[in-house]
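Read the figures in this text as sums done on the coordinates, not as results from a lab. Because the structure is predicted, anything quoted here is derived from the model rather than measured. Please note: Cβ atoms are built from the backbone with ideal geometry, for glycine as well, and neighbour counts cover all protein chains shown.
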Amino acid sequence: MYRAADFHSTCFKTIHTETMKKILQYLFTHKTLSRETAREVMLSISAGQYNEAEIASFITVYLMRSITIEELQGFCDGLLELSVKVKLEGGKLMDIVGTGGDGKNSFNISTLACFIVAGAGQKVAKHGNYGASTISGASNVMEQLGYRFKNDNAALQKELDTANICFLHAPLFHPALKTAGPVRKSLGIRTFFNMMGPMINPSHPDFQLVGVYNLEMARIYNYLLQQTEREFTIIHSLDGYDEISLTSDTKVITNAGEQILTPEQLGKRPVRPEDIHGGNTVEEAAKIFQRIIKGEGTWSQNAVVLANAAMALHCTGAYSSYDDAYKAAVESLESGRAYQGLQQLIALQ
C-alpha cells in the first residue's frame, strides 16, 4: 500500500519523478496535498510529465471533494512560478474576473464591465481564457471581436496606454493551462482550474473584483486575497451566478467586511435570468457584446453590466460611495467612451 508517510518523505524537488499513479493512490485514501506538494504537481503538469488521462483523473479528484486552501495556494504558486512575466506601467491596474463554472450561460458581463471601467479612466489588465463550461468565455468573445492574443510586454503596454485596457489570454502566460486545456474542454464542467484564474493574473493588479459561484469559494478567496496587498471585492449572487446578476441578492465581501445587497440597491430593480442569457454560439455572444457596448443593450443588460462596473470602480477607493461609482459607469457607457476603448484596442491589432 502507498502510505502518506512514503509520499511526504519524498524530496519535493524530485516529486516530478513520482508517477501520477502514486499521487492518485495517495489522494484516493482521502488525504490532501501540502502547499509545496501541490506546487510541484502543477510544475509537473506544466512540464508535460503526465498524459491527458492522468490529468483528467487528477482533476476528477477535485470534482469528488472540495479543494483545500493549501492545495489551491500551491497550484497557484506553481502556475505563477512558470508564468510569462509582464510589467505594465502608467498607474494602478484593475482586473474584473469570475471563476466561471456557474452553468448559467450569461453574456460576457465581466468583460463588458472592464471596458466600462476603462472608459471611466481606470486602467484594466483583464485576465481571461476560453470558456471550459460555458459557450463563450472572455477569450472567445475577444477573439471573435478581432483581438489577437499576445504576451509581448511592449504591445500590451501600448494597448494600455492607448485604450486604457489590455487583455491577457491565460494560456499564453501559463504553460499548465495550455497543457490541461484539451482535458478541461473535453470534460466541459467546472474544475479547480476555474478557481485559480482570478489568482494568477501575471500583471498582479492592485484592485480586483472577483466573482465566485458559491459561498465556499467566497470564503476561500477571502482568505487568499487577505494575504495579498491588493484591494479586493468578492461577489456572489445568492442564486448561483459568479457576478452581480440582479436576479437575486448579492453577497459582497471586501477587505473591510461583508454584506448582502439587494438588486434594488445595486441596479435599481431586479432582472430575470432569461434577460441576461448569453446566446447559443460565440457569434451570438459577440453580437450581444457589441450591442451593449454601443449603448444599444436592453435595460436589464445595461443594468447588470453597470452594477458590476460600479462595484469594480468602488473597489478602487476613488469614489466616496457606490452610487457615485454607478454614475461614473453610466457616464462611461452613455458617452461612448467604453465603446471608443474597444475600437481603439481592436485598431491596434
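For the pair Trp299 and Asn214, the difference between a 0.36 nm per residue extended length and the Cα-Cα distance amounts to 27.9 nm. In the chain, the DSSP beta bridges split such that about 40 percent are antiparallel, to the nearest 5. Taking a ≥ b ≥ c as the square roots of the eigenvalues of the Cα gyration tensor, an a/c ratio of 1.5 or more together with a/b no larger than b/c marks the stretch 292-349 as oblate. The GNM of the chain, with springs linking C-alpha atoms under 10 angstrom apart, assigns the highest mean-square fluctuation among Thr247, Thr134, Thr29 to Thr29.
As a ratio to 2.2 N^0.38 Å, the alpha-carbon radius of gyration computed for the chain takes the value 0.98. Among Leu93, Leu145, a tally of other beta-carbon atoms within 10 Å of each Cβ gives an order, fewest to most, of Leu145, Leu93. Seen against the Cα atoms of the chain and their longest principal axis, helix 69-82 is set at about 80 degrees. Between Ala256, Ala56, Ala180, the Gaussian network model of the chain with springs among Cα atoms under 10 angstrom shows the greatest mean-square fluctuation at Ala256. Short-range pairs are left out: with C-alpha atoms under 8 Å and at least six residues apart, the relative contact order of the stretch 80-199 is 33 percent.
Figure legend: label point modelled 7 angstrom from the Cα of Phe149 along Cα→Cβ; no residues of the stretch 285-311 have amide N under 12 Å from it. Placing a label point 7 Å from the Cα of Gln290 along the Cα-to-Cβ direction, the residues of the stretch 118-151 whose backbone N falls under 15 Å from that point are 141-147. Built from the Cα atoms of the stretch 196-248, the convex hull projects on average onto 3.6 nm², one quarter of its surface area. Computed over the chain, relative contact order equals 20 percent, with contacts defined as Cα pairs under 8 Å that lie 6+ residues apart. Taking the number of Cβ atoms within 10 Å of each Cβ as an exposure proxy, the fewest-first ranking of His30, His236, His174, His204 is His30, His204, His174, His236. Plainly put, the stretch 88-166 has a radius of gyration that is 0.97 times its Kirkwood radius, both from alpha-carbon atoms, as the Rg/Rh ratio. Bridgeable lysines around Lys268 (alpha carbons under 18 Å apart, same-chain partners fewer than 8 residues away excluded): Lys251, Lys327.
Is the shape of the stretch 103-256 best called rounded, prolate or oblate, per the rule: a/c under 1.5 gives rounded, else a/b larger than b/c gives prolate, else oblate, with a ≥ b ≥ c the square roots of the Cα gyration tensor eigenvalues? Here the stretch 103-256 falls in the rounded category. How far is helix 153-163 tilted, in degrees, relative to the longest principal axis of the Cα atoms in the chain, given as a value from 0 to 90 rounded to the nearest 10? Between the helix axis and the principal axis of the chain, the angle is about 20 degrees. Number of Lys-Lys pairs in the stretch 54-161 with C-alpha atoms under 24 Å apart and a separation of 8 or more places or on different chains: 18. With a Förster radius of 56 Å applied to the C-beta separation of Ser335 and Thr60, the computed FRET efficiency comes to 0.70. Just checking the listed ones, Met142, Met42, Met20: in the Gaussian network model of the chain with Cα springs under 10 Å, the one fluctuating most is Met20.
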